[in-house]
Amino acid sequence: NGSAIFIRLLYLSLLIVLIAFLWTRLSIVGLKVHRHARLQKASAGDVFEEYFEVFNSSFFLSPWAEIDNQSRLPGAAGSRLLTRIDSRRAVTYIARTWLTRRGRFWLGPTSVGSGDPFGLFHASRRFPAKESLVVLPTIYDILAFPAAPGLLPGGQAIRRKTSEVTPHAAGVREYAPGDPLKSIHWPTTVRRGKVMVKEFEQDPQAEIWIFLDIEDGVHSAKPYNPPIFAANELLYRRRPKFTLPPSTLEYAVSVAASLSHYFIAQKRAVGLVASGRTATVIPAERSDRQEGKILETLAYLEDEGSLSLAALVAVQARQLSLGSSAILITPNVRPQLLAAAEDLQRRGLHPLVVLLDPETFGGPRGAESLIKSLSAHGVPVCRVRCDDDLSKTLSTFASTQGPSAWQRIPLSHLI
């Protein structure tokens, strides 16, 4: 109708659209997200804390910012909607995630989205992940577990000198070419004015070797949906009650981690053997560093191996020292397990089987007959069922076997 007000409204609308577009573009360019976690390793069942900082470096007020945590960590927290981030200001908050799955997970990427006050435009930026988190398997406390004491006499230590470093120091002597520098005893060196090194007594305790069966197609699992907790339920790092997924693989990994922790705490040398995509052999040692290596290795293992447990034992058994204990952790109920145990006995080793009953995990039957066959050949068997308390099951097994478990091995198998 030729009224000037409509022309003015048109110009005003175009101006608002232009301002909204520029505001959106300039504000999203200034938004930056920084993520930081004080811990790079945690155990399944822990509450993981991560710090988020959203900084507005532009000269424009950001009316709102949507933070989207795109990490593949199950149940990852950190996605949040923030309002009114002033220019040159930062907003920080803490995200708490209940860890329910072992493995390595990248902490990111992170997407941040924003827009103009009128809601006309939306823009986003994506920040790649810079840090990762390794979720270690859950460790259950074990009060006792049977293991071969060794073939050497003398209790905890014998009076036989060795060049290897053991927990039992015997004395000092003068340095000889070839002695490791870490064996130098500096107080005596300073006092005598010449380089002196420590001597050690031979350790009679046998090594503990853990054989973990991760052959493809052997493990069984039931459907599992991990529980979801609200953010306020994880305040003050409260740890919810954690239960293992109903999977023989997860139970096997936790059993291996718990036994490694138990025997290393007993100052025993522990080694790990497994065969996934590549063969994994961690030589037997006794130290906290050894426990860390074993736990981190277990965090990555999946049931994708092409080598059976019997074949793995046949390859590695010849490398084990006489009198060592070999703990076979498997859900396999095929007769090959009995052949592997007999092979270990013929080599003067002490096999023990931790059998995950596959029937209770939705797998095949056959655990009863295999246990009878193994027991008839003097092989101790610890049976683990789905939903068992691993701490109680493993500790109770020690009380039922006792120190005579290894004495019941027929002598014909050691000849």
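The values are calculated or read from the model by the stated rules, or taken from the named source; none is laboratory data. Computed from a prediction, not measured in an experiment: that's the story for all the values here. Cβ coordinates were reconstructed from backbone atoms using ideal geometry, including for glycine residues, and neighbour counts include every protein chain displayed. Keep in mind that these areas ignore ligands, DNA and RNA; they rest on the heavy atoms of the full protein, side chains included. Shrake-Rupley method; radii C 1.70, N 1.55, O 1.52, S 1.80 Å.
Here is how the numbers come out for the structure above:
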quantity	calculated
Top-ranked residue in the stretch 17-47 [being touching a Lys or Arg at 6+ places or on another chain (Cβ under 7 Å) and farther than 11 Å from residue 114 by Cα; ranked as most open to solvent (accessible area, probe 1.4 Å)]	46
Number of positions in the stretch 51-62 that are open to solvent by 10 Å² or more (accessible area, probe 1.4 Å) and not small (Gly, Ala, Ser)	6
Residue match in the stretch 8-16 (condition: over 19 Å from residue 120 (Cα atoms) and surrounded by fewer than 19 Cβ atoms within 10 Å (Cβ to Cβ))	yes
Inter-residue pairs, beta-carbon under 8 Å, first closer than 18 Å to residue 207 by Cβ and charged (D, E, K, R) and in the stretch 289-317, second open to solvent by 30 Å² or more (accessible area, probe 1.4 Å) and not in a loop (DSSP other than H, G, I, E, B), 6+ apart	291/261
Selection status of residue 79, under 29 Å from residue 120 (Cβ atoms) and touching a strand residue (DSSP E or B) at 6+ places or on another chain (Cβ under 7 Å)	yes
Extreme residue, farthest from residue 262 (Cα to Cα), among residues of the stretch 115-142 that are under 27 Å from the mean Cα position of the chain (by Cα) and open to solvent by 70 Å² or more (accessible area, probe 1.4 Å)	128
Candidate set from the stretch 355-378 (those that are among the charged types (D, E, K, R) and not in a helix (DSSP H, G or I)); member that is most open to solvent (accessible area, probe 1.4 Å)	365
Residue satisfying condition, being at pLDDT below 90 and more than 24 Å from the chain's Cα centre (by Cα), within set 341, 310	310
Answer residue from the stretch 77-106, given it is open to solvent by 40 Å² or more (accessible area, probe 1.4 Å), part of a strand (DSSP E or B) and closer than 30 Å to residue 45 by Cβ and is modelled with the lowest pLDDT among those	96
Subset of the stretch 116-136 (residues that are closer than 17 Å to residue 32 by Cβ and not in a loop (DSSP other than H, G, I, E, B))	123, 124, 125, 126, 127
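One line per residue, one yes/no per condition, for (1) acidic (Asp, Glu); (2) farther than 29 Å from residue 189 by Cα; (3) touching a helix residue (DSSP H, G or I) at 6+ places or on another chain (Cβ under 6 Å); (4) at pLDDT 90 or above:
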{"site": "108", "(1), (2), (3), (4)": "no, yes, no, no"}
{"site": "112", "(1), (2), (3), (4)": "no, yes, no, yes"}
{"site": "116", "(1), (2), (3), (4)": "yes, yes, yes, no"}
{"site": "120", "(1), (2), (3), (4)": "no, yes, yes, no"}
{"site": "134", "(1), (2), (3), (4)": "no, yes, yes, yes"}
{"site": "148", "(1), (2), (3), (4)": "no, yes, no, no"}
{"site": "155", "(1), (2), (3), (4)": "no, yes, no, no"}
{"site": "166", "(1), (2), (3), (4)": "no, no, no, no"}
{"site": "176", "(1), (2), (3), (4)": "no, no, no, no"}
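One line per residue, one yes/no per condition, for (1) farther than 23 Å from residue 45 by Cβ; (2) at pLDDT below 90; (3) among the acidic types (Asp, Glu):
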residue: 282; (1), (2), (3): yes, no, no
residue: 290; (1), (2), (3): no, no, no
residue: 293; (1), (2), (3): no, no, no
residue: 317; (1), (2), (3): yes, yes, no
